[in-house]
Amino acid sequence: MSQQSIDNLTLDLEELRRLHEGATRIRVQQILSLDIRKLETDLQQQKVLLASKEKPQSSEAVKAPASLPGDCKRYRIELKEYAWDQSDKFIKIFVTVNDVQQVPEENVNVGFTEHSFNLLIGNLNNKDYTFVVNHLLNEIDPAKSYRRIKSDMVAIYLAKTKPTRWEHLTITAKRLQDMKDERLSKNTKDNDDPQAGLMKIMQQLYESGDQDTKRMINKAWHESQNKQKEIKDAVYDGPLGD
């Protein structure tokens, strides 16, 4: 890595920041924000590499670059598993990421808007991880929102603008629940099997839904299967009747 390459990365970063400042669409802002953070991470790593090459070589110094990321291509992985809770002041998002505590603090960034947030973890085991949630159910305060790095987890705190209890995390989740309730009610009135009707609804919503909808359905399906298993285990393990 030469100084000229670093200069080119710096110019690319400056142009991305100008594009971000001029962007008006939230989706575009989020995409540019993720790319800016990735480029910032790459630039910092290349500076470290260049500095290490310029230092006098010793038997120990020769081994040092092997532990650095280098120029290898990194894959971006979209995180999908999460849990959430709330208090009067915050919505708390818990995203499981193995070994996240091992990366530098500056590699874990969260961008907030009034109705969305995006998490970017740069260069964790030579991979970049992203987690994006759009269309939050209610407005949040980006200035008061923040994140904390825990063992194998990133906790994201969304500051509520009002102490209102959220029944769902996103508008998409609320619409999904409303549609399920409406169609399930219709199927029940038509004397259909409620369970079969629910399965049909879930399939239709998944096939026609966007990325957020599909993620919500996968999460609901996973939780439903676990709950059914717990009920079966409780029945089989319970005492036999007389």
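To the nearest 0.05, what FRET efficiency results for ALA23 and LYS174 with a Förster distance of 25 Å applied to their C-beta separation?
Values: r = 27 Å, r/R0 = 1.09.
The value I calculate is 0.35.
ASP152 to TYR75: FRET efficiency via 1/(1 + (r/R0)^6), r the Cβ-Cβ distance, R0 25 Å, to the nearest 0.05?
Values: r = 20 Å, r/R0 = 0.79.
Using R0 = 25 Å, I get an efficiency of 0.80.
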DSSP loop trypsin sites (Lys or Arg not before Pro) in the stretch 11-45 with at most 12 other Cβ atoms within 10 Å of their Cβ, which ones?
ARG25
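Listing PHE117, PHE90 from the residue with the fewest other Cβ atoms within 10 Å to the one with the most, what is the order?
Numbers: PHE117 22, PHE90 18.
Ranked by crowding around the Cβ, least crowded first: PHE90, PHE117.
FYI, it's all coordinate maths here, none of it is from the lab. Nothing here was measured: the structure is a model prediction, and the numbers come from that model. For neighbour counting, all protein chains shown are included, and Cβ atoms are generated from backbone atoms with ideal geometry for every residue, glycine included.
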